[in-house]
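The values are calculated or read from the model by the stated rules, or taken from the named source; none is laboratory data. Being a predicted model, the structure only gives us computed values, none of them experimental. Every residue, glycine as well, gets a Cβ built from its backbone with ideal geometry; the counts of neighbours run over all protein chains shown. These accessible areas exclude ligands, DNA and RNA; they are computed on the full protein's heavy atoms, side chains included. Shrake-Rupley method; radii C 1.70, N 1.55, O 1.52, S 1.80 Å.
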Amino acid sequence: MDKRDFLKGSAALAATMAVAGIADATDSPAPTPVPRENWSGTFHYHTNKVLQPANVAEVQDAVRSVNHARALGTRHSFNGIADSTVAQISTLGLKDVLLDAAAKTVKVGGGIKYGELAQQLDAKGFALHNLASLPHISVAGSIATATHGSGVRNGNLATAVSAIELVAADGAVHTLSRAKDGEEFLGAVVGLGALGVVTHVTLDVQPSYQMTQVVYEDLDFGQLEHNFAAIMGTGYSLSLFTNWQKHQAWEVWIKRRVDQGGDATPPPMFYGATLATKKLHPVVGQSAEKTTEQMNTVGKWYERLPHFKMEFTPSTGKEIQTEYFVPFEHAYEAVLAVESLRKQITPHIFVTEVRAIAADDLWMSMAYQRKSLAIHFTWKPEWEAVQKILPQIEAKLAPFQARPHWAKMFALKAAQIDKLYPKANDFKALVAKYDPQGKFRNEFLQTVLFG
Ligand SMILES: Cc1cc2nc3c(=O)[nH]c(=O)nc-3n(C[C@H](O)[C@H](O)[C@H](O)COP(=O)(O)OP(=O)(O)OC[C@H]3O[C@@H](n4cnc5c(N)ncnc54)[C@H](O)[C@@H]3O)c2cc1C
């Protein structure tokens, strides 16, 4: 991402609107006033034209009405992946939910937020296998970027997808399923918005379950050298939080399932870390009121798996995010490699989170055929400084073939990313099949994928 992506001030925004205005003069319908920046306000979109279809037929009309467009979810991505200079097609109006209790699947409109879906599913006795740190994000937008939670045995959220329905560049509707479409399905799920507009997603569900959450403080990194796998494998989902100082994780969040013994009294110490005696937020200075319940209290799966509550602003609200995925066997070396940059990193971060993700077979997933350790950075909104640090982190993690999170800020370009994804060329061929003229291509895809 270069500096141009981070347009600042009203003059730049006005210029952006003016460019979009030209497109509006040639493409109907008229622009709709919606926020023209991402969730954190750190990326300004280069169009003010947002089409808002309410059903599949309207998505088809929207796709046919424009020469170029990008699908848009809840705007929680940090880079230009959802950007367009012509139009965005928001799928937030598609929110229908159809549960098949016998098949243990749910078919949902692509625009539904995980937090909304979770409540509806739980009311009928069902649950998802995992959630991200926040429930505010749309299902289609999340699976498009391989959004993940934590847990060595838990695949990212896209691994729950058993079928997708999408509107391709010519306006035709296609349905691809795990059962009938083999490799093509595996290529299409983490689609980066490049194949078309996903209108419905079918997800695997399981019987509803209850969970607890506990937090430990001050885990020495020395414990990771010989116990990394055991530590990350504790409970159902575990996150380490650090600011890279003092060679330690200042918080360890452990989420446990009650049906796996997760309501047992937690030990007072965890690999030398101390059980917290009050509720905590991962970012120093932020109110713990915003975080899901801790202190080993039993609650619903969707009120423990995310870190942040649906009714509050997640994380800090004004931030930039970055994340790199390394093969789990290099977990400790990778942490030490990043730690060696602590003097540069610490002044500019709110927090780093370290999570584990199971390997999967989705072509463009960051965990494609690699059980992974994900090292995440919640940066202060200081792009001038952050953009200088990213290449340094990438150089340190290059020996481990680190893959960047598609939805977060990174500096790697197509030539480097190509080598990280064995199926990159197959994916480009798949994109050409559904979008032969490049209707859904944008500057981001050109820079990081097509080159
Ligand atoms: C506070 C915060 C916490 C986060 N925590 C996590 C985390 O725990 N784990 C993690 O992995 N990520 C995390 N993220 C990143 C987030 O999950 C991703 O940015 C995700 O893609 C956001 O989904 P969205 O609906 O906002 O999509 P958008 O940002 O709107 O779009 C993302 C991509 O999806 C495409 N897209 C959207 N809708 C469709 C559709 N209907 N059809 C086809 N393509 C579509 C867009 O074209 C774009 O390419 C976090 C982000 C924030 C702001």
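Table for the structure above
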| read-out | value |
| --- | --- |
| Residue list for region 130-145, restricted to those being more than 6 Å from the ligand (Cβ to nearest atom) and within 20 Å of residue 109 (Cβ to Cβ) | 131, 135, 136, 139, 143 |
| Yes/no for residue 344 being touching a Lys or Arg at 6+ places or on another chain (Cβ under 6 Å), under 28 Å from residue 287 (Cα atoms) and open to solvent by 10 Å² or more (accessible area, probe 1.4 Å) | no |
| Criterion violated by residue 405 - all others in (1) surrounded by fewer than 16 Cβ atoms within 10 Å (Cβ to Cβ); (2) closer than 13 Å to residue 78 by Cα satisfied | (1) |
| Residue in region 179-191 that is farther than 19 Å from residue 371 by Cβ, over 17 Å from the mean Cα position of the chain (by Cα), of a type in the set (Gly, Ala, Ser) and not in a helix (DSSP H, G or I) present | no |
| Every residue from region 421-439 that is under 20 Å from the mean Cα position of the chain (by Cα) and not in a helix (DSSP H, G or I) | 421 |
| Residues (open to solvent by 50 Å² or more (accessible area, probe 1.4 Å) and within 30 Å of residue 319 (Cα to Cα)) located in region 265-274 | 274 |
| Boolean, residue 305 is away from the ligand (no atom under 13 Å from the Cβ), touching a Pro at 6+ places or on another chain (Cβ under 9 Å) and open to solvent by less than 10 Å² (accessible area, probe 1.4 Å) | no |
| Among residues of region 146-165, those that are near the ligand (Cβ under 10 Å from one of its atoms) and of a type in the set (Lys, Arg), counted | 0 |
| Long-range neighbours under 7 Å by Cβ, at least six apart or interchain, first residue closer than 20 Å to residue 53 by Cβ within region 69-82, second more than 6 Å from the ligand (Cβ to nearest atom) and of a type in the set (D, E, K, R) | 69/439; 70/83; 74/113 |
| Any hit, region 379-401, residues being free of Cβ contacts under 8 Å to residues at least 60 places away in the same chain and within 16 Å of the ligand (Cβ to nearest atom) | no |
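Each row is one residue, and each column tells you yes or no for (1) in contact with a strand residue (DSSP E or B) (Cβ under 9 Å, 6 or more places away or on another chain); (2) within 13 Å of the ligand (Cβ to nearest atom); (3) closer than 24 Å to residue 315 by Cβ.
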position	(1), (2), (3)
39	no, yes, yes
42	yes, yes, yes
46	no, no, no
49	yes, no, no
65	yes, no, no
69	yes, yes, no
76	yes, yes, yes
81	yes, yes, yes
84	yes, yes, no
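Conditions (1) open to solvent by less than 50 Å² (accessible area, probe 1.4 Å); (2) touching a Ser or Thr at 6+ places or on another chain (Cβ under 7 Å); (3) within 14 Å of the ligand (Cβ to nearest atom); (4) not β-branched (Val, Ile, Thr), marked per residue:
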| residue | (1), (2), (3), (4) |
| --- | --- |
| 188 | yes, no, yes, yes |
| 191 | yes, no, yes, yes |
| 200 | yes, no, yes, yes |
| 210 | no, no, no, yes |
| 214 | yes, no, no, no |
